[in-house]
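Read the figures in this text as sums done on the coordinates, not as results from a lab. Just so we're clear, the structure is a prediction, and the values are computed from it rather than from any experiment. Ideal geometry is used to build each Cβ from the backbone, glycine not excepted, and the neighbour counts take in all protein chains shown.
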Amino acid sequence: MHAVSQVASQKRKDKARGRKKGKKAKKELVEKWRQKAGSKAQRQALEQVRPVSSKTAGKKLKPSAKLKYSHLQKREKKQSKKTAAIKTAEKAEEEESEWNGAIGRVVGETAKAAWQGLVVTVEKAKGSQLLCQIPSKGSQWICKADLECPLLPKTARQTMAPQQLKDAARQSLQADWMQQVDLYQFGQLVTDDQLLAGWREISSRLKPGSAVRWVTPAQSKLAAETGAVCKAMEDFLADSKTLLLVPIHSSAPQHWTLLSLSKAGSSKEEQPEVQYFDTLKMQPETAKAAASTVLQVCLQTETELPVPCNRFHQSDGFSCGLWCLQYMERQAREFLGCSQSTWQTVGELSQKLQSWQEAVLKQKSLDKAAKALEAKKAAEKQPAEEAGKTKKKGKVAQTKLQLGWDEQFGCSKCKYSKTGCLACNPAKMLRWAEKQAQQTQLLQAALAALQDIQTEMHLLGKKVCCMELRQAARSSFQLVDALLPRQLDSQRSKETEGQAGILNN
C-alpha cells in the first residue's frame, strides 16, 4: 500500500513538472513570436519610408545576361514606352485645357431635358466629361457629345512644361530687371521686382505681343506722384485695339491694386472700358487716391474711379500682390481670346511664382558656369610665351630676353621655386653680384688697414703684444672674417662668373 502511494505521488510530480515545462516552452514561443512580429512591423514601417526602386534594382545580372542584346533591347523598349506615356499625358492635358472658358449649347439627347438649349460655359474638362456653369443650375457635369461648341478659344496653358520653363527663363535673363530678384517666400508681401518676374512668367505663356501693354510699378508710382506719362500710356492712347494693365502700389497700408483699360478696336477716339480690382473688403483711402490719380494720367481726362469688380477678397494681409497677378492673367486671357484659367489658391500662386524664380536663378548660375568654363578653355589655348611677355624696359629686361628667361623661375637646385635662385633668376643674381662687389671693396679696405698696421709695427720695432696694436689688429681680422662670403660649390661659382660677365658686357 505504501509503495502504491509513492508511485501515485511520483506520477503527480511528473505531471506537474511536465506542465511547468510546457508553460515555459509556450512562454518562450510567445516571446519569440512577439520579437518576430515586432521586427516585422518595424521592417514594414521602414519599407514604407524608403525610396521605391524597381524590382531589378540592386540585383546582379547573370553572367549569361550581361552581354545579351535582348536585355538592352528590353530596357530601351521600356524607356520608350515611358516617354510615350508622358507625351500622351501632356497631349491630353493640352486638349483638356482647350475647353476651359469655351461657350456652347446643350443639344444632346442624353442630357437632362431641363438643360436642352441652354448656353453654358465650360469650367473644367476631364476625359469625356465637361464641368459646365449652367444658368440658375450651378456647375454640372455634361458629356462632350451633348455640347455643341462651334468655336473653341485659343489654347494657353496655365503652367509651363520643364523645357518651356527653361527656355523662358533663358530669355528672361536678357532683361536687366531680371538679373537681381529676391526669391519670394510664402507670407511675404510681393515686391516690385517679384511682380515684374510674375508678369514675365505670364507673358512667356500667353505671348501677348503688342496687343497687351503694361505699366511697371515704378512708372505707376511716378505717375501718381508727379503725373508723368510713360511710353505704354502714350501707345495705349494712340492704338485702337489694345489692353493696358496698371498695377498700383500704395502705402499706409502697403497694398496692391490693379487698373485694366481696354479698347475694342472701333476707333482711336473710343472711350476705353475701365475695370478696377481691389481684393480688400475695406478699401483704404490711400489706394483709392493713388488709383484715381493714375487713371486720370492714363486717360489725360478727369475720370471717376469705378467700383471694384473682383469676385474674391483676400482673407490675409499679404496676398494682394498674388491676387493682382492672377487678375492680370485673367484680363489678358479674356482680351486675347484664350481659354480662361481656373481660379488658384494663394498657396498655388505662391508656388508658381517660386518655381519661376528658381528656374531663372538656376539658369543664371548655369550660364555663369558656362562662361567661366569657356574663359578657362580660352586661357589654356593661349600660348605660354604670350602669357609670359612683359613690357618692361631697361638693361635687366634686355638681358632676360637675350638669355631667354621667363617670368616663371625655378630649377632643380631651388626645387622649382617661383622666385628662383641665383642659377635661374637673373634679377636675384644681379642683386647678389652688387652686394658681393660692395663687400669686396670693404674687404680690400680692411686688408689695406691691416698691412699698414703690420708695416708700422715693423718700422717701430715694437712687439706684437702691444695693447693698442693688438686691439687694432683684432678689429681688422674680425672685419675680414665677417665680410668673407661663404664658399660656393664649384658649379655655382662657374655659373655666377659667366652670368656676371654677361651683365657687365
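Between the residues Ala238, Val190, Gln219, the greatest Cα displacement towards the positive end of the dipole of region 162-365, with unit charges on the Cβ of Lys, Arg, Asp and Glu, is found for Val190. Between rounded, prolate and oblate, where does region 254-314 land on the alpha carbon gyration tensor, with a ≥ b ≥ c its root eigenvalues, rounded for a/c under 1.5, else prolate if a/b exceeds b/c? Oblate shape, in that a/c is at least 1.5 and b/c is the bigger or equal ratio. Using all pairs of distinct alpha-carbon atoms, the Kirkwood hydrodynamic radius of region 162-365 works out to 17.4 angstrom. Centre-to-centre, using Cα atoms only, region 197-241 and region 265-334 are separated by 14 Å. Per-residue Karplus couplings for region 317-323, computed as 6.51 cos²θ - 1.76 cosθ + 1.60 with θ equal to phi - 60°, are listed in order as x, 9, 8, 5, x, 5, 5 Hz, Gly and Pro entered as x.
Here are some pairs, Lys112/Lys144; Lys221/Lys288; Lys281/Lys352; Lys81/Lys362; which of them have Cα atoms lying more than 19 Å apart in this structure? Long pairs (Cα-Cα over 19 Å): Lys281/Lys352; Lys81/Lys362.
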